[in-house]
Amino acid sequence: MAVDEICDQFVEDYAAADPVTATLFGIAGRDDHLTDYSPAGHELRGRIARNALRAILAAEAVDDHERVAKAVFTERIGLEVQIHDAGLPLAALNVIESPVQSIRMVFDVMAVESAADWALIAQRLAQVPAALAGVRASLLVAAERGQGSALRQVIKVAEQADTWAGSGAKVGFFTTFVAGAQDIDGAPLAELRRGAQEAQRAYADFAEFLRAELVPRAPAKDAVGEQTYRLWSRWFTGADLDLRESYEWGWAEFARLEAQMHAVAARIAPGASLTETAAILDADPKYRVHGQDELRDWLQKVSDEALAALRDKHFEIPDELMTLECTIAPPGGVVGAYYVGPSADFSRPARMCWSVEPGKADFATWREVSTVYHEGVPGHHLQIATAVREADSLNQYQRMMSFVSGHGEGWALYAERLMQELGYLSDDGDLFGMLAQQLFRAARVIVDIGMHLEWEIPAGTGFHEGERWTPDLGLEFLLTRTVTDARTARDEIDRYLGWPGQAPAYKLGERLWLAAREEAHQRAGQSFDMKRFHTRALRLGGMGLDTMRAQLAAMA
C-alpha cells in the first residue's frame, strides 16, 4: 500500500474503534456510538496502531509529499505504540483530558438542528453507562498493576462527575442538554430524557466508584518520575528534549518576561507591583464585561475583528475559515479556554469554548485578548482549520489526527507574540495581559518539570532556593510570581500533575517556531516573506517538533 493509503486506512480503522475521538476531530459517520474504554477496547486500538506502524515502515515513499507523511506518521504512531505497550491508556484519569471528560464533552460538538441529529444523540446517550463501565474496568486493571492515578486526580475527577450528574440539588448536564430538543419537531424526547437520566445516574455511580474503590488504592504521590515523564514529554512535543536544559531555559525565559512586565506596569501604574497592576486593570471599567452572555459577545467581536484584519494582509484566510463561533462551555471542567476544530467538510464550524468559574459574573478583558488570538486567529483556528482544508496535499491522518501539543500549542503561543509584532496589542493593558500569559507559560516549564522530577529550585531565583519542588510550592509559585487568579492557579496545578509533560510544550514549541522563522529569514535574506513562510508552514499540518524542524529547514 502507498503511504497515504496506509494513513487514510488507519484513520478509518481508528475512528471505528474510537468514535468519541472521531467526533471530536470532525470525522463523520461514528456519531451514534461511544468508545469502548474497557481493556479490550484499548487492546484493539493498540493493535490497530501496531499494524499501521509495521505497514508504514515497510512502505516506500515515492515523492517529497509521501516522505513528509511517512515521517509524521512514523513518529506519532511509533510513540502511540510505546504508550500502549506501557499500559498507560488503561490508567488514564485526570482532570483535563481522559475518557471521563471525553464521554461528556463529545456531546458539545454534536449537531442539534434536526430530529435526526437528536436521534443520534439519543443513541449515544444510551451508551454512556456502558462507556463508563469500560473506564471503570480499565482503571481497576491499572490499579492492580500499580499504575493507578494519584489520589489528587481521583478526588478531583469524582467532583467533576458529581457536577455532570447533578448530584445534590443541582441540575445535571445531560438534563440541561436534552432540553434543547423540546422545540425540534419529531425529536425523540422521551428517549432523550430517559437517556439523560441514565447518563447522570452513571456519572453519579462512577463518582462513588472512584471514592469507594480507587481512593483507597490511589498513591498519594503526584510526581510520575523521570521514565514516565520522558515518554509523555516526547508524546506532547515530538522531540527528545534535554530536560535539564529546558528547565534552565524556562527560568531564563521567566526572568526575561518578568522584566518586560515590570516595564509595562511602570507605564500603567508607576511604582506598583505586578500583582497591584493586575488589580488596577481588573478594577478599570474599560476592561470589564458583565455576565456570561456579554463575555461571549465580546469574545466573538474580538475574534471577528481579528479575522477581518488579518485576512489577505498578513495571512491567506479562505472563506471556509471565516466562521469561528465563540461559546461558553458547560460547567464542571477546569477553568480555561479551548478550541474545537471544524469537521472535515466544514459543515460543523470551528468553535472557541470558554470554561468559566461557576457563578462568576464579571470578567476582565485585558486577561483574555491574547487568549482569543491563541485559540482563534492567528492561533489554533488558522493552524488546525488550514490543515483540515488541505485535502489536496495532506492525507486524512495529517489533516484530522496529527495534532501535537508542541507544534500546535507552540504555534498558538507564537501567534500571541506575533500579534504584538503586527501592532494589534498597542494598548498597555492588553499587552500586560499577553505578557502575563507568556510569563505563566514560562512558569509551566519550570513547575511541570520541577514537580514531576522533584528537582531542586536553583540559587538566584528568589524562591525557596535549594528546596525540592512539591505541589504546594508549585501553587505558591503561580500565586506569588505570576498574576494568575487563585482558582485558575489551583486548577493548573491539578492539570500539570495529571497530564505530565503537556504544559511545557507551549513555551518549548513557541521557542522552536521562533527559531525556525529566524533560520528561514537568514536563508532568504532580504527576500524573506513572513506571510509566505507562515502559509507554507501551516500547510504542512501538525507534526512533532523534531519532524517540524527538519521540514521547515528544507523549505527554500
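The values are calculated or read from the model by the stated rules, or taken from the named source; none is laboratory data. Computed from a predicted structure; not experimentally measured. Note that we place each Cβ from the backbone using ideal geometry, even for glycine, and neighbour counts take in every protein chain shown. Ligands, DNA and RNA are excluded from the accessible area calculation, which covers all protein heavy atoms including side chains. Shrake-Rupley method; radii C 1.70, N 1.55, O 1.52, S 1.80 Å.
Which chymotrypsin sites (Phe, Trp or Tyr not before Pro) does the stretch 473-536 hold that lie in a coil by DSSP with at most 16 other beta carbons within 10 Å? Working shown, then result.
Details: sites: F477, Y496, Y506, W513, F528, F533; in loops: F528.
Here the sparse-neighbourhood loop sites are F528.
Using a 1.4 Å probe over the heavy atoms of the protein chains, calculate the carbon and sulfur portion of the accessible area of the stretch 356-442 as a whole percent. Walk me through the intermediate numbers first.
Values: 900 of 2180 Å².
Here it works out to 41 percent.
For the chain, which span is the longest to avoid every loop-located (per DSSP) member of GluC sites (Glu not before Pro) having at most 10 other Cβ atoms inside 10 Å? Present the calculation step by step, with values, prior to reporting the outcome.
Values: sites that count: E60, E113, E467.
Result for the longest clean stretch: 114-466.
For n ≥ 4 DSSP H runs only, could you compute -39500 (n - 2.57) per run for the chain, divide by its residues and tell me the 222 nm figure to the nearest 500?
Values: 24 runs with 334 residues, N = 556.
Helix contribution divided over all residues of the chain: -19500 deg cm²/dmol.
Express as a percent, rounded to the nearest 5, the fraction of DSSP beta bridges in the chain (both residues included) that run antiparallel. List each step's numbers first, then the result.
Values: 9 of 15 bridges.
Counting DSSP beta bridges with both partners in the chain, the antiparallel share is about 60 percent.
Assuming R0 = 60 Å, what is the FRET efficiency of A2 and R468, from their Cβ-Cβ distance, to the nearest 0.05?
Values: r = 52 Å, r/R0 = 0.86.
In this case the efficiency is close to 0.70.
Leaving out ligands, DNA and RNA, and with a 1.4 Å probe, what % of the accessible surface on the stretch 1-134 is carbon or sulfur? Walk me through the intermediate numbers first.
Details: 2810 of 5020 Å².
For the stretch 1-134, the apolar C and S fraction of the accessible surface comes to 56 percent.
Might you work out the accessible area of M400 for me, using a 1.4 Å probe with all protein chains in place, and round it to the nearest 10 Å²?
That residue has around 10 Å² of solvent-accessible surface.
Between A263 and A220, what is the FRET efficiency for a Förster distance of 45 Å, r being their Cβ-Cβ separation, to the nearest 0.05? Intermediate results must be reported in sequence, preceding the final value.
On the way: r = 43 Å, r/R0 = 0.95.
Efficiency for this residue pair is about 0.60.
Can you compute the modelled spin-label distance between E454 and D392, with each label point 7 Å from Cα toward Cβ, in nm?
In this crude spin-label approximation the distance works out to 5.6 nm.
Once you order the gyration tensor axes a ≥ b ≥ c over the Cα atoms, which shape class does the chain get: rounded for a/c under 1.5, otherwise prolate or oblate by comparing a/b with b/c?
Values: a/c = 1.26, a/b = 1.13, b/c = 1.11.
Rounded shape, in that the Cα axes give a/c under 1.5.
Just the accessible area per residue of the stretch 81-156, please: how many Å² with a 1.4 Å probe? Could the numbers behind the result be given before it?
Working: 2650 Å² over 76 residues.
Spelled out: the 1.4 Å probe surface of the stretch 81-156, per residue, equals 35 Å².
For L479 and Q197, FRET efficiency with R0 = 51 Å and r from the beta-carbon atoms, rounded to 0.05? Please report the intermediate quantities before stating the final value.
Details: r = 41 Å, r/R0 = 0.80.
It comes to 0.80.
Stretch D85-A61 to full length: gain in nm at 0.36 nm per residue minus the Cα-Cα span?
On the way: separation 24, 0.36 × 24 = 8.64 nm, distance 2.73 nm.
Contour length minus the Cα-Cα distance gives 5.9 nm.
On full extension of the chain, what length is gained from D32 through A361, given 0.36 nm per residue of separation minus the C-alpha to C-alpha distance? Please list the in-between numbers first.
Numbers: separation 329, 0.36 × 329 = 118.44 nm, distance 3.63 nm.
The D32-A361 span can extend by a further 114.8 nm.
Taking trypsin sites (Lys or Arg not before Pro) that fall in a DSSP loop and have at most 11 other Cβ atoms within 10 Å as cut points, what is the longest piece of the chain between them? Walk me through the intermediate numbers first.
Working: sites that count: R145, K313.
So the longest stretch without any such site is 314-556.
Name all residues of the stretch 427-442 having a backbone nitrogen under 19 Å from the label point set 7 Å from the Cα of K313 along its Cα→Cβ direction, giving them as ranges.
Within reach of a label on K313: 427-428, 430-431.
With labels modelled as points extended 7 Å from the Cα through the Cβ direction, what inter-label distance (nm, one decimal) is found for A212 paired with A116?
Between A212 and A116, the simple spin-label model gives 4.3 nm.
Whole number in Å², please: accessible area per residue of the stretch 377-508, 1.4 Å probe, ligands, DNA and RNA not counted. All intermediate terms of the calculation are to be shown ahead of the outcome.
On the way: 3590 Å² over 132 residues.
Dividing the accessible area of the stretch 377-508 by its residue count gives 27 Å².
Treat each spin label as a single point 7 Å out from the Cα along the C-beta direction, and report the H521 to D205 distance in nm.
Output for this residue pair reads 5.9 nm.
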